[in-house]
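S.K.: Dumping the structure here so I can ask a few things about it.
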Amino acid sequence: MNTSHIVLGLSKFAQSSLQRGWGRLYLLLFTLPTMAQTPSDSLMDEAEYRFASLIQLWHNTNNASGLSLDDSSNRGFASVGFSHRGGDYHRVQEGGAMNNLQFFTERYQKIGKYLYSYGKVDFNLGRTKDRAFADQYRPYNANPYQSGSAIAGSYDHQNLDMTAAVGTTDFSGWRFGLQLNYQLGDLSRLRDPRSRSQLLDYRLTPAVSYTMGNHTLGLSGYYDRRKEKMGPLVTVQSDATLTYYLLSGMENATGTIGGYSSFNREWVNHQLGTEIDYEYRSARFHTLNSFGISRGEEYAYGTYKYEPGRYFTYRYNAQSQNRLYTGTILHQADFRMDWQQSYADEYRQQLIIKNDPQIGTTSYTYEKQLEFRKRYQVRTFDFAFRYRANFINTTSIAGSRYLTSSIKGYTGFLIDTHKASNRHLLPLSSSDYSRVNFQLENGISLFKQRLMADVTLGYSLSTRADLKLADNTSILAERVLLKDLPYYDANLLHGSLQVMYQFPLTIKKSRAMWFVKAFGDFTSANTAGHPNLYNIGFSVGLFN
């Protein structure tokens, strides 16, 4: 199957739907209650939805067989929203101001007597300004063999992220599940030289679990294939001095005048991973612990299968989710740790041209002459711990013997740390940065749960920001790495506020709980000029 044709076809579909407007998304939003609700479903609001999400621990793992262990009522929501990012605290390769439109929907649904399912669709499109040296999706802590222009420009993006999962009920203690993750992306540069990067990423994860008493052991494994492809670049105006850069890690890059005209590259990653889960559940205490490992091998191909190098990734992660009831308080204590160790081999290749005079054909292949192993190395480490005391309200459903629980408020904190190290050997260049973040979190529901507010306030401390370059005068050093150094060295004060108002509404004899949400966050740095970053937005949607 030609995956590039799939990406191109779906990207054209997304573009045509954009030209027809967002009316169809709003139409889908209006019809979701009719399609999704059943007579046995109750009218759910945000407070009840959050409680259901809080106790569904298996959903936060790769194991879809746990969907029935997270037994809950049929529920879902859909929303359409707009957000704007602004400010001058940002890195060169991620760009500055951004406008984004998003449609999001998810649904938990029991199918018949034996199956539980989950589905999600997340579609967003927008435009980012002042982005340079980054014509691909992953400019940081990733494959070094990328490309870009020194001239900052605007980029349009269209991204589609879909998830479909199904899990069985109990068969003598055994449960089985299957999950499919599917992503499409289109990133287009709007300034000469104009590039277009198309992304296709899918993951298939079969899973199994076995329950004995209060204990459950789960196992899942997945195959993930990611392909990002760029074709030849184009220009609207001819410029004999226009330079395009091929990157190879840190400040190392090769710039060619007019080189964009014959540029062609694709990145294909094959990743295999597995995860082991252990759960203990009692009336008051629930814990789910997961351990995962994966290995990825990414190929970078140019014209005639030219290969500048190959990128290998090893990932290790551990996660623990814990819930404890004490009266009307549900205590939440979660931690997650991710460690990535990656390296890139670099190749020196020679073009071999073979002519066959008998049939009149010419073949072009690249032959490897030299291999430099682990020339570029990446290491990242992330750790996060969150504690919340959730205040629970339990009421009876009118005309029913069933009880419903909701979150009427919470208070807690988050501590997380991030470390990243990049190294290029011979000549030696390196960057090392890390930071620790502390954040207070509070939320409350008011006016009989019609209004919900969430507030955070935190401080992020830079613990390391070191940059050592073999060549401080290269264009990547001057325009990217040295300019980004104050970004990593800054201490940050940050906060956020989200307010949601919800109300019942009946449309065509279908009654649903609708909501309007506004949100915003800010970040202020303590470096020279006190750069800042802010995000504001709103959305409208409904629970179904």
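S.K.: Pick out the one residue from Arg265, Arg226, Arg189, Arg175 that is more than 28 Å from Glu307 (Cα to Cα), crowded, with 19+ Cβ neighbours inside 10 Å and in contact (Cβ under 8 Å) with a residue 40 or more places away in the chain.
M.R.: Values: Arg265 fails: more than 28 Å from Glu307 (Cα to Cα); Arg226 fails: more than 28 Å from Glu307 (Cα to Cα); Arg189 fails: more than 28 Å from Glu307 (Cα to Cα).
Selected residue: Arg175, the only one of Arg265, Arg226, Arg189, Arg175 that is more than 28 Å from Glu307 (Cα to Cα), crowded, with 19+ Cβ neighbours inside 10 Å and in contact (Cβ under 8 Å) with a residue 40 or more places away in the chain.
S.K.: Another question about this same structure. So which of Tyr387, Tyr376, Tyr364 is part of a strand (DSSP E or B), touching a His at 6+ places or on another chain (Cβ under 8 Å) and either hydrophobic (A, V, I, L, M, F, W, C) or more than 29 Å from Pro139 (Cβ to Cβ) (or both)?
M.R.: Going through Tyr387, Tyr376, Tyr364 in turn, the sole match is Tyr387.
S.K.: Can you give me the ranges of the strands (runs of 3 or more DSSP E) entirely in segment 220-297 with at least 1 residues that are of a type in the set (A, V, I, L, M), modelled with pLDDT of 90 or more and out of contact with any helix residue (DSSP H, G or I) (no Cβ under 9 Å at 6 or more places or on another chain)?
M.R.: Because the criterion is at least 1 residues that are of a type in the set (A, V, I, L, M), modelled with pLDDT of 90 or more and out of contact with any helix residue (DSSP H, G or I) (no Cβ under 9 Å at 6 or more places or on another chain), the strands (runs of 3 or more DSSP E) in segment 220-297 that meet it are 265-281.
S.K.: Test of understanding: among Ala78, Ala142, which residue is of a type in the set (A, V, I, L, M), modelled with pLDDT of 95 or more and assigned to a loop (DSSP other than H, G, I, E, B)?
M.R.: None of the others qualify; the one that does is Ala142.
S.K.: Scan Arg336, Arg310 and give me the residue that is touching a strand residue (DSSP E or B) at 6+ places or on another chain (Cβ under 8 Å), buried (at least 17 other Cβ atoms within 10 Å of the Cβ), among the basic types (Lys, Arg) and closer than 30 Å to Tyr364 by Cα.
M.R.: Only one candidate passes the filter, namely Arg310.
S.K.: Mind counting the residues in segment 495-544 that are closer than 28 Å to Met98 by Cβ and assigned to a loop (DSSP other than H, G, I, E, B)?
M.R.: 6
S.K.: How many residues are of a type in the set (A, V, I, L, M) and either crowded, with 18+ Cβ neighbours inside 10 Å or at pLDDT below 95 (or both) if we restrict to segment 506-544?
M.R.: Of the residues in segment 506-544, the ones of a type in the set (A, V, I, L, M) are 507, 512-513, 516, 518, 525, 528, 533, 536, 540, 542.
Checking the rest, the ones that are also either crowded, with 18+ Cβ neighbours inside 10 Å or at pLDDT below 95 (or both) come to 507, 512-513, 525, 528, 533, 542.
Final tally of qualifying residues: 7.
S.K.: A further question on this structure: Return the total of residues in segment 449-467 being acidic (Asp, Glu) and touching a helix residue (DSSP H, G or I) at 6+ places or on another chain (Cβ under 7 Å).
M.R.: So the answer is 0.
Each row is one residue, and each column tells you yes or no for (1) surrounded by fewer than 17 Cβ atoms within 10 Å (Cβ to Cβ); (2) at pLDDT 95 or above; (3) farther than 30 Å from Ala525 by Cβ; (4) in contact with a Ser or Thr (Cβ under 8 Å, 6 or more places away or on another chain).
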{"residue": "Gln93", "(1), (2), (3), (4)": "no, yes, no, no"}
{"residue": "Gly96", "(1), (2), (3), (4)": "no, yes, no, yes"}
{"residue": "Lys113", "(1), (2), (3), (4)": "yes, no, yes, yes"}
{"residue": "Tyr116", "(1), (2), (3), (4)": "no, yes, yes, yes"}
{"residue": "Leu125", "(1), (2), (3), (4)": "no, yes, no, no"}
{"residue": "Tyr137", "(1), (2), (3), (4)": "no, yes, no, yes"}
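S.K.: Scanning for something among the β-branched types (Val, Ile, Thr) and surrounded by fewer than 18 Cβ atoms within 10 Å (Cβ to Cβ), does segment 468-480 turn up at least one residue?
M.R.: Taking every residue of segment 468-480 in turn, at least one turns out to be among the β-branched types (Val, Ile, Thr) and surrounded by fewer than 18 Cβ atoms within 10 Å (Cβ to Cβ).
S.K.: A further question follows. Quick check on segment 375-395. Is at least one of its residues modelled with pLDDT under 95 and either surrounded by 18 or more Cβ atoms within 10 Å (Cβ to Cβ) or aliphatic (A, V, I, L, M) (or both)?
M.R.: no
S.K.: Another question about this same structure. Scan segment 304-323 for residues that are free of Cβ contacts under 8 Å to residues at least 60 places away in the same chain and over 14 Å from Asp338 (Cα atoms) and report the count.
M.R.: Counting residues in segment 304-323 that are free of Cβ contacts under 8 Å to residues at least 60 places away in the same chain and over 14 Å from Asp338 (Cα atoms) gives 3.
S.K.: Follow-up. Let me spell it out: the conditions are (1) touching a Lys or Arg at 6+ places or on another chain (Cβ under 6 Å); (2) aliphatic (A, V, I, L, M); (3) under 27 Å from Pro139 (Cα atoms), and Ala477 meets all of them except one. Which number is the exception?
M.R.: (1)
S.K.: Something else now. Exactly one condition in (1) over 28 Å from Met500 (Cα atoms); (2) surrounded by fewer than 16 Cβ atoms within 10 Å (Cβ to Cβ) is false for His84; which is it?
M.R.: Exception for His84: condition (1).
S.K.: Under 29 Å from Asn124 (Cβ atoms) and outside any helix (DSSP H, G or I) - does that describe any residue in segment 479-488?
M.R.: no
S.K.: Of the residues Asp88, Asp135, Asp130, which single one is touching a Pro at 6+ places or on another chain (Cβ under 8 Å), more than 30 Å from Leu505 (Cβ to Cβ) and of a type in the set (D, E, K, R)?
M.R.: Of Asp88, Asp135, Asp130, the one residue that is touching a Pro at 6+ places or on another chain (Cβ under 8 Å), more than 30 Å from Leu505 (Cβ to Cβ) and of a type in the set (D, E, K, R) is Asp88.
The values are calculated or read from the model by the stated rules, or taken from the named source; none is laboratory data. Everything numeric here is computed off the predicted structure, so don't read it as measured data. Quick reminder, even Gly has a Cβ in these numbers, built from the backbone with ideal geometry, and neighbours come from all protein chains shown.
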